[in-house]
Each structure stands twice: as structure tokens, then as C-alpha cells.
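> Here you go, one structure.
The values are calculated or read from the model by the stated rules, or taken from the named source; none is laboratory data. The structure presented is a predicted model; accordingly, all values stated were derived computationally and were not measured. We place every Cβ from the backbone using ideal geometry, glycine too, and count neighbours over all the protein chains shown. SASA here: full protein model, heavy atoms, side chains in, ligands and nucleic acids out. Shrake-Rupley method; radii C 1.70, N 1.55, O 1.52, S 1.80 Å.
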Amino acid sequence: MRRALVFLGMLALSFAAVVVAPASRAHAAANVAVQVGYADNLRANPANFPTPWAGAPNVTYGGCSVPGGCTFDAGALRVINNTGVNVNVDYIKVSFGTCVFDIWRHNVPLGPSGQYIVTQTINSFSSGCTSDGSFDTSDIGPNGASWAGNCNQSGVVPLVTVSIDGVVSNFPDTGKILNTGGVDGATCGMGNESQQWAPVGSVSCPGSILKLAPSQQELAVGSTASVTANYVNSCGDPLQGAPIAFKVASGPNAGVSGTGTTDAAGNATFSYTGTASGTDTVGASTSNPAGTITSNNVSVIWDVLLTGDAYGLKSSGLVGITPTPEAGPVATTGAGNSSPPCVVTISGLISAGTLCANVSTAVGPSSSTANASVQHVGIGLLGLPAIAIGAVTSTSHSLCAGSTGGATIASITVGGVVVPVSVTPGPNTTVNILGIKLILNEQIATNTATDHVLTVNAVHVIVPGLLDTIVASSTSDIHGCV
């Protein structure tokens, strides 16, 4: 029944727009929402106080405003423009029988998603039919009589009249939200008289619920988490336009915060990137003159990100060879193994045999390990000394404690000259011979408080401007350690 009344109210506005308004405005009037509530921070209840209120995004406010804030005991109305185009609120009037309130600014332009909120315009309140700017609608009886302290049913159904772009529509407040059920709510059992926003014609929906979801999500460090706050009244009607504050209250990303505004479905979304492993606790809140409404807390679990890459041979310059074979790149939070089939031979100006690569990851503790091996490599380019490389291996291993790695090299000759190298050369051993630069057990490391990356190239052959060849490369990475 409540939904039917709301639909009929919107249908009346739509019908009036189609019949009376210019054709260009027909759609506009049909997509403007009219809602009612009651604002009482004299006896504060944040969940019930109409939210959003003055100061919220896209709100044009027509009510009391004084330094230090006003004390409210008044009915409230809002018009929401969901048309996608500009509309003009010519006026808002509220009638209690022969008593008519027409105390708010006329000709208020509203852009898309704009709201016009009206309530008492002075920082005081009085019962009955007044013209001083008070709007204590819970204390108004038949034809404007004072109803303060009266628990007898007045029988008054407030009538809201809204003119938008010249289209006049009347909405009976059949749920008697503006006059707190037809009795003085403060005296007759309600105590706090606040009523959350509800579509005009709805039954009373006094409270509100701010819920954050999903309750838990598990992600890799470096990725993006998103949480959505849904804000509705106690009947489930979306509370559009409410400013939502999000904050990571505890965990590795504690202190990260953001803001959003609820859409027509009552939703606002917050996203952030995790920088370290652990569990974040995230919450949301919205505020009004009566206080703050808080959501449930949700958890975002950030797992250590394990990555790695390995390949047998890569070359650029006079001879181009893509990484062959390549294990990876790997990116995971769990245990796994990437091990493509070994390549038996590469032939041409650069030849090689039995090339293998592997990347494996483990958890408990988290680690990334990369290995690569090549049995032999021959480089024969016109104008350059021939290069022969015997069996080589490289390995790289990363834990949260750090990274280690190394290489083995059986032999190297350049132009028939044996290069004197250890089977396990020290990191970044450099040899220059016959115009060729050799870097043996090349190690390139990047370390931060949370991340460790190590690349180990068994042999790096460089002929400046002509050739850049890497044999047996292994890279292990770990991200988000704490």
C-alpha cells in the first residue's frame, strides 16, 4: 500500500507535467522526487534526523542557519532533481486545512542531482499556524489550531504543493510524517520527533541504516579494494545525496580515507590501493545536526604478492630474440609453479641448446623462486670475435627477509681466447675483452621496507651499439611484506 501511494504521487506529477507543461519539460517534472521528513535535534537522534541536510553536496538549503547551528523542531521537505537537466522550483507550499505555509524562497534553480531542502527559517518554534518562519508542524491541528501537547488524533492530512517549471502538483502527506501522525509526537510517546526522509505519501519511515559491503574481501597487495556504503531509511527507501565519509580505522593501511555521495540507489563507493599485507578494518559514517551515523565495519585482507620471471636467452640489436623459453611473468598470492617446456635448440647467428626456465611460489612462509639454465651458447656475427659460452645457470630467491641469488658458468671463450672465470663468479663480475663487455652473475636488486626484487643474469653480453644478449635470467619478487 505504501509503495502504491508513492507511485500514485509520482504518477500525478508526471501526468500534470505531460498535460500542462511545455513539451520540453514534460520529462523533467516526471523525474523530480518530493520527500518529507521531520527535523528534531532538540531531542537528538542522529539515525532519525533527515539526512542529507544543509551543507551536503548539491543541496540548496532554505532553512534556519545561524553561527553555532540551529535547534530544530520542524517539518522538512526536499525536492530532488533526477532529470539530468536543469529545472526550476517555482515554489513549495504546505497546507494544514486553511493554514498555508509559503515561507521559502521562490524560483530556485536545480541542476542535475540538485536538491532543495526547506524547513523552519528561524531559530525558534511555536505551535499553530504561524508566519514568523517557524514550522513546528507536529503542533498544528485542524485549520492551523495549536496542537501542542494534544494526543487526540487531529485528522489533518498535510498537503504539499510543488510548482516545477510551471507545473503545479499536489501531494497529500497521507503518512502524516509532517505532523507526526496527527498528534504532538513529543508529548504522545515519540519523544524525539525526527522522521527520516521518505517519499511524500509514504508511511512513516523514521530511522535510517548505513551498511557497508562486502563484509570481507581478500586481495593482493598493490591491487585496489572497493567498498560500497548503502544508506536507506527504515522502510528501505534510498537516501540520495548523503555525504559519506570512509576511513581505514586499523590495519596496514590505517588512516587512508575518502568521501562519497550516495546516488539515487543510496550507494556511495570508496576505493583504495593496499600497500602492505595484513587485514584492514574499514568503516563509513554520515553526519547531520543531531550527530553521526556509523556503519558496520568490513575487512580487507591484503596478501603478500609473489611475482617472478625467468628465461633462457634474450637478445636485441643485430640479432633479436624474444625471451626463450619464458616462465612468467608470474603474479599470485598463493603457491604455484610456472615451467614451460625446455627449448632444445636455437639456431642462427646466435645458437643455443637445452634452454630451461622455471618460477615457483610458496606460502608459509611466502617466497618466490626463479631458475634458468642453458647448456651452451654460440654467438657468431660478422666483424665480431666468436663467443662460446658453456653450461650456465642462474637462480633468484625472495622472502620477506630479503633476496638471494647466484649463477654458475662452466666456461667462456671470446675469439678463441679463454676467459678466466670462476664457476661461481661474484656478483657483477665484469670482463672487457676484444671490444666485448661481459657481466657475469649480474645482479640487479630493488629493496624497500615492504618489497624485495632481485634479477640474476648468468651472462650479459654487450657490444655497444650492436648487440645486447642475456643468457639465463631469473627474477624473483615479493611485495607487501610487513
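> Can you tell me which of (1) under 28 Å from Ser126 (Cβ atoms); (2) open to solvent by less than 20 Å² (accessible area, probe 1.4 Å) is the one Val248 doesn't meet?
Val248 satisfies all of (1) under 28 Å from Ser126 (Cβ atoms); (2) open to solvent by less than 20 Å² (accessible area, probe 1.4 Å) except (1).
> So, one more: Quick one: in the range 281-316, of everything that is under 30 Å from Ala372 (Cα atoms) and of a type in the set (Ser, Thr, Tyr), which residue is surrounded by the fewest Cβ atoms within 10 Å (Cβ to Cβ)?
Ser316
> If you check every pair at least six apart or on different chains, which have Cβ atoms under 6 Å apart with a residue in the range 64-83 that is within 23 Å of Ala186 (Cα to Cα) first and a residue that is small (Gly, Ala, Ser) and in a strand (DSSP E or B) second?
Phe72/Ala39; Ala74/Ala39; Ala76/Gly37; Ala76/Ala39
> Now a separate question. Quick one: which strands (runs of 3 or more DSSP E) sit completely within the range 407-470 and have at least 2 residues that are closer than 20 Å to His397 by Cβ and either touching an Asp or Glu at 6+ places or on another chain (Cβ under 7 Å) or open to solvent by 70 Å² or more (accessible area, probe 1.4 Å) (or both)?
Passing ranges, in order: 436-447, 452-463.
> Outside any loop (DSSP other than H, G, I, E, B), closer than 15 Å to His460 by Cβ and open to solvent by 40 Å² or more (accessible area, probe 1.4 Å): which single residue out of Thr404, Thr393 fits that description?
Thr393
> Does any residue of the range 222-237 turn out to be polar (S, T, N, Q), out of contact with any helix residue (DSSP H, G or I) (no Cβ under 8 Å at 6 or more places or on another chain) and part of a loop (DSSP other than H, G, I, E, B)?
yes
> Which members of the range 132-163 meet the condition of being free of Cβ contacts under 8 Å to residues at least 60 places away in the same chain, over 18 Å from Thr71 (Cα atoms) and under 46 Å from the mean Cα position of the chain (by Cα)?
Ile140, Val157
> A further question follows. Being surrounded by 14 or more Cβ atoms within 10 Å (Cβ to Cβ) and within 16 Å of Leu381 (Cα to Cα) narrows it down to one of Val359, Val319, Val343, so name that one.
Val319
> Which of the numbered conditions does Ile444 fail, given that it passes all the others? Conditions: (1) touching a residue at least 40 places away in the same chain (Cβ under 8 Å); (2) under 21 Å from Ser360 (Cα atoms).
(1) is the only condition that Ile444 fails.
> Now for a separate question. If a residue must be closer than 30 Å to Ile478 by Cβ and either part of a loop (DSSP other than H, G, I, E, B) or open to solvent by less than 40 Å² (accessible area, probe 1.4 Å) (or both), how many such residues does the range 255-280 contain?
Of the residues in that region, 11 qualify.
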